[in-house]
Amino acid sequence: MTFEWQFALEVLPQLLLALRVTVLATVFGILLAAILGLVWTLARRIGAAPVAFVARYSVEFVRSTPLLVQIYFLFYVAPEFGITLSPFLAGVIALGIHYSAYLSEVYRAGIDAVPKGQWEAAKALNLGPADTWRRVIIPQALPPVLPAMGNYLIAMFKDTPMLSAITVMELLQTAKVVGAEHFRYLEPLTLVGVLFLLLSLGSAALVRWGERRFNVAALR
Amino acid sequence: MAPYIAIRNLTKSFGKLDVLRGIDLDVPQGEKLSIIGPSGSGKSTILRILMTLERPTSGEIAIDGEPLWHMRNNGTLRPANKRHLRAMRAKVGMVFQHFNLFPHMTVLKNVTVAPRHVLRLSREESEFRAIQLLEKVGLSEKLTAHPAQLSGGQKQRVAIARALALYPKIMLFDEVTSALDPELVGEVLNVLRDLAQETDMTMLLVTHEMRFAREISDRVVFIDQGLIIEQGPPEAIFSEPAEMRTREFLRAILGEQS
């Protein structure tokens with residue numbers, strides 16, 4: 001079997017269209033994970049005891065169960081509780097929740113690394129809790145953990161093929177369908193691999209660039 | 001007249017370690033008070049409790065007649081809640097040994113962040129006041145610099161301006177020259193000297209700079225092992241200390257400094 005360039009070019013537009021779905025799922029997924037992760041972290045640090053308890057064990061639970069199970073659960077089981085989601089939305093939410101647990105740990109590490117003197121200075125200046133977090137702690141906690149967050153962005157991107165399990169027409173699922181139509185899998189699946197590689201490398205470069213920018217701004 | 005700061009039988013323990021073992025101290029309004037003593041004697045802990053960074057183990061503190069760590073409630077005293085502590089904190093400012101400037105903010109932002117978000121002043125007004133204060137500490141040319149670009153002495157002067165920007169009634173200086181290279185100590189002491197002479201703020205200084213303490217203080221308190229051993233006018237404490245422990249401490253530290 002030889003690699004047919006002609007066929008590869010023919011199916012490329014279809015795959016690029018599917019890549020859009022993959023990228024969108026990643027973008028919405030990481031946004032949800034970033035926000036939800038911060039909510040977990042703050043709930044664990046400043047929430048009342050029951051809130052902190054729930055947040056802590058939710059994170060533990062999510063981290064200790066497979067992403068694929070969570071995806072299935074949201075898509076096939078949630079409707080029985082009256083929550084019916086489109087495949088894409090269920091996938092994005094599953095990705096967001098799953099990775100929020102990891103990002104929560106990343107935030108925690110960043111916050112723990114802010115020196116105690118910064119908290120004391122904020123208190124001595126009588127800043128309230130909201131201003132202390134927003135203006136003093138979080139701006140110092142985030143830049144050092146940006147590389148770790150970037151790694152999870154790329155990991156999430158590479159996990160999007162799991163959404164094919166609930167019929168989201170993302171890149172891999174589309175390649176499978178295209179392959180089945182033409183009885184040729186070599187070209188579509190190779191293209192999937194190459195596209196993932198290119199975008200992962202691209203995001204890694206983007207993360208490094210963001211990191212440099214942030215660190216210059218923070219002048220540490 | 002009641003003292004401005006009244007400290008009664010203040011104790012503080014960290015686990016088994018008794019850092020303060022019963023401090024009684026009255027500070028009248030406007031007094032410049034230096035607290036001296038060996039390291040580990042508990043001097044800084046007094047300031048940290050006044051700034052509400054540490055909770056006392058027992059004892060009472062009142063500022064301007066108002067309990068600091070307690071609230072009056074139908075004639076009984078109850079532990080202070082967050083709101084009470086926040087209201088009381090507005091009277092007190094503090095400068096730290098290690099500056100604790102916000103590294104991600106410019107000098108100007110460091111000085112304006114609290115006036116803007118605590119006093120809710122407009123940007124214009126908070127910047128106007130910040131620039132005045134930074135002029136006073138000799139740093140009006142560094143407005144857009146970040147702390148990392150400043151020397152230790154400059155950082156500490158920014159920290160002083162930052163604390164002053166909230167116009168506290170009481171300023172606490174916790175070994176503010178101890179982390180500085182020797183040649184930078186003078187510029188910070190000059191700022192403190194001006195403050196002591198020009199303002200009617202009540203100032204409490206924990207310091208190892210004996211000559212400076214002697215020059216600017218109205219009163220000096222010597223603390224050892226969590227207790228006040230001796231106090232009085234600087235002349236008396238430094239020239240003819242009554243207590244053996246004070247004499248030993250002064251001999252040791254002055255021998256080092258001369």
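A few comments on the model shown:
- Computed helical MRE - 222 nm, chain B, DSSP H runs ≥ 4 contributing -39500 (n - 2.57), nearest 500: -11500 deg cm²/dmol
- Beta bridges by DSSP in the protein assembly as shown, antiparallel share as percent, to the nearest 5: 60
- Using a probe radius of 1.4 angstrom, the carbon and sulfur fraction of the accessible surface of chain A is 71%.
- When the surface is traced with a 1.4 Å probe over the full set of protein chains, B:H104 keeps roughly 40 Å² accessible.
- Value of relative contact order over chain B, rounded to a whole percent, pairs C-alpha under 8 Å and six or more apart: 25
- Region B:40-83 residues near the modelled B:I253 label - backbone nitrogen below 13 Å, point 7 Å along Cα→Cβ: B:40-44
- Size descriptor, Kirkwood hydrodynamic radius, that averages inverse alpha-carbon separations across region A:156-204, Å: 11.2
- Across region A:120-197, the relative contact order, built from alpha-carbon pairs under 8 Å that are at least six residues apart, equals 16 percent.
- Pairs from A:K116/B:K43; B:K32/B:K136; B:K16/B:K91; B:K43/B:K109; A:K123/B:K82 whose Cα-Cα separation, in the structure shown, is over 22 Å: B:K16/B:K91; B:K43/B:K109
- Highest GNM mean-square fluctuation among B:T202, B:T45, B:T76, for chain B modelled with Cα contacts below 10 Å: B:T76.
- Relative contact order of region A:5-219, defined on C-alpha pairs under 8 angstrom at six or more residues apart (%): 29
- If you bin all the Cα-Cα distances of chain B at 5 Å, starting from zero, the percentages per bin are 1, 6, 13, 17, 18, 17, 13, 9, 5, 2, 0, 0.
- Partner chain coverage, peptide A:122-134 - average Cβ within 10 angstrom: 6
- Contour minus Cα-Cα distance for A:S64 and A:E4 (0.36 nm per residue): 17.3 nm
- Equivalent ellipsoid semi-axes - Cα gyration tensor, region A:5-219, angstrom: 38, 22, 11
- Prolate/oblate/rounded label for region A:106-220 (Cα gyration tensor, a/c 1.5): prolate
- Pairwise inverse Cα distances across the protein assembly as shown, averaged and inverted, put the Kirkwood hydrodynamic radius at 26.6 Å.
- For region A:65-141, diffusion coefficient by Stokes-Einstein and Kirkwood Rh (Cα), 37 °C, 0.692 mPa s, µm²/s: 218
The values are calculated or read from the model by the stated rules, or taken from the named source; none is laboratory data. Since this is a predicted model, take the numbers as computed values, not measurements. Cβ sites come from the backbone with ideal geometry, for glycine too, and all protein chains shown count toward neighbours. These area figures cover heavy atoms from the full protein model, side chains too; ligands, DNA and RNA do not enter into them. Shrake-Rupley method; radii C 1.70, N 1.55, O 1.52, S 1.80 Å.
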